[in-house]
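Colleague: Let me give you the structure first, and then I'll get to my questions.
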Amino acid sequence: MTTLPTPSQIASLDDERLEQLAADWRAQALRGDRRAFGVAHAFEVERRRRLRESELQQLEPLEPVARPKPWWKFW
């Protein structure tokens, strides 16, 4: 029985190895191995999380935007 890798095991993998394992397990799942689906999903979730974090680090911080004053006054 294929067991899901633990989060610490997945976190210890480098990006290239993680991508390779995700592709390999996804290929097994596409060939009909139902147990491979969960493992592939775990690797793919970690890949997306890392990608999202790296993209966020590339963004410049937002400057506070002053709210425009209304053109009317209630009273």
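Colleague: Any chance the stretch 25-34 includes a residue that's assigned to a helix (DSSP H, G or I) and open to solvent by 100 Å² or more (accessible area, probe 1.4 Å)?
Modeller: yes
Colleague: Suppose the filter is part of a helix (DSSP H, G or I), of a type outside the set (S, T, N, Q) and open to solvent by 100 Å² or more (accessible area, probe 1.4 Å); does Arg52 pass it?
Modeller: yes
Colleague: Determine the pairs where a residue that is farther than 19 Å from Arg48 by Cα, located within the stretch 16-35, has a partner that is part of a helix (DSSP H, G or I) and open to solvent by less than 50 Å² (accessible area, probe 1.4 Å) with Cβ atoms under 7 Å apart, the partner being 6 or more residues away or on another chain.
Modeller: So the pair list comes out as Gln28/Ala36.
The values are calculated or read from the model by the stated rules, or taken from the named source; none is laboratory data. None of the values given here were measured: they were computed from a predicted structure. Every residue, glycine as well, gets a Cβ built from its backbone with ideal geometry; the counts of neighbours run over all protein chains shown. Only protein heavy atoms, including side chains, enter the accessible area calculation; ligands, DNA and RNA are left aside. Shrake-Rupley method; radii C 1.70, N 1.55, O 1.52, S 1.80 Å.
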